[in-house]
Every structure is written in C-alpha cells, then in structure tokens.
1. Give the residues of segment 93-109 that are loosely packed, with under 14 Cβ neighbours inside 10 Å and of a type outside the set (Val, Ile, Thr), sorted by residue number.
2. Within segment 96-111, which residues are small (Gly, Ala, Ser) and part of a helix (DSSP H, G or I)?
3. Looking at (1) closer than 30 Å to His85 by Cβ; (2) at pLDDT 80 or above; (3) polar (S, T, N, Q), which is the only condition Ser136 fails?
4. If Leu141 meets every condition in (1) at pLDDT 80 or above; (2) loosely packed, with under 15 Cβ neighbours inside 10 Å apart from one, which number is that one?
5. Pairs under 7 Å by beta carbon, first residue touching a residue at least 40 places away in the same chain (Cβ under 8 Å) and in the same structural domain as Val118 (by TED's automatic domain parsing) in segment 75-100, partner surrounded by 11 or more Cβ atoms within 10 Å (Cβ to Cβ) and assigned to a helix (DSSP H, G or I), six or more apart or different chains?
6. Quick one: Glu138 ticks every box in (1) free of Cβ contacts under 8 Å to residues at least 24 places away in the same chain; (2) not assigned by TED's automatic domain parsing to the domain that holds Ala23 bar one, so which box is it?
Amino acid sequence: MQWKPHLPEIFLGISLGMIAIEAALTRLAVRGDVLAGEFRRAQQGREYCHPDVLKILRRRSLAALRHEVESVGPEAVARFLPAWHGIGAKASGVDRLLEVVFQLQGAALPASVIERDVIAARVGGYSPRLLDELISQEIRLDQVNEALDVMGSGEIARSVIKYS
C-alpha cells in the first residue's frame, strides 16, 4: 500500500486560512474521502483520517488484542490454577478464610467436600471452628437489639449471647 499523507500535512505548504481548510476537510468527509471524528484519546477535538488508514489501525489493534488473550497450554494452566486458588498456601486465619469464601462464591460444589477438601486445601490449619468464628459474633445481653440488626443486614449469620 502506498503512503498517504495526513491531511494537515497536505495543507501545511499551502497558505490557506483555517476556515478554508476546515471547509475543505468537511467537504471531503461528506463525500466519504476522509472520516471525521475523535480517533485518539490524547487528542481532543475533531480529527480527520483516511478510511484505509483507519481500517489498517483497527486491524492491527485487534491483532494485538487477540495476541494478548491467546490460550495457553495445559501445562501453564496446571501451574496457574493451584497457585491462584492458594492450594497448599501457608496463609491462615479468618481473613484467609474470607478470601477463600469470596473466591469460591457461586461455585457448584458438593457440601460433603467443601470443608474437608476444598477449604482445608486453601486455608492453612483450617478447622470448622474458624468457619464458626467467621459467621458468628459474641454479644452481651444488652446488645441483643444491635445484634438483630446486624444479622438482618446479612453481615453476621448468628450471634452468641455471652453472660458476664
């Protein structure tokens, strides 16, 4: 394909006023010889571009994007998934358990394996007590009304009244 100059470069050597140049570019845009619009993020205002140049830019941009999302081999997936899921991680505690719960949210898993296999593999030193700690709170008897509000909002699943 031959080189096509940018339209402003064409008009640099001609001593025309900006109004005349804008009128000429508008006529070219109406005829379809150039396209008018805002093509670059950094540039503000109306720009003009030859349709063939715009097609080339679009094709190259799509090719670059396709390259970024190319699939990888099974070996790469096999290395990535356990690390991403934190399987065998040393992290422990309620904060890690909360991360795991959010990560698994919506996954269809049999209840019989969730704690024993799935959560235990992702949370170091996991015990069912940790899950109880995550969904429960201890309250004093005089905090019952506040506890009901918190449970109603869904923040906590249950409240345990502590007698002092």
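1. Asp95, Leu98, Phe102, Gln103, Gln105, Gly106, Ala107, Ala108, Leu109
2. Ala111
3. All conditions pass for Ser136, except number (2).
4. Condition (1) is where Leu141 drops out.
5. The qualifying pairs are Val94/Leu130; Val94/Glu133; Val94/Leu134.
6. (1)
Table: residues versus (1) more than 19 Å from Ala91 (Cβ to Cβ); (2) part of a loop (DSSP other than H, G, I, E, B); (3) of a type outside the set (D, E, K, R).
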{"site": "Val113", "(1), (2), (3)": "yes, no, yes"}
{"site": "Asp117", "(1), (2), (3)": "no, no, no"}
{"site": "Ala121", "(1), (2), (3)": "no, no, yes"}
{"site": "Gly125", "(1), (2), (3)": "no, yes, yes"}
{"site": "Glu133", "(1), (2), (3)": "no, no, no"}
{"site": "Asp142", "(1), (2), (3)": "yes, no, no"}
{"site": "Glu146", "(1), (2), (3)": "yes, no, no"}
{"site": "Val160", "(1), (2), (3)": "yes, no, yes"}
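The values are calculated or read from the model by the stated rules, or taken from the named source; none is laboratory data. Values in this document were obtained by computation on a predicted structure and should not be read as measured data. Reconstructed Cβ throughout: ideal geometry from the backbone, glycine too, with neighbour counts over all protein chains shown.
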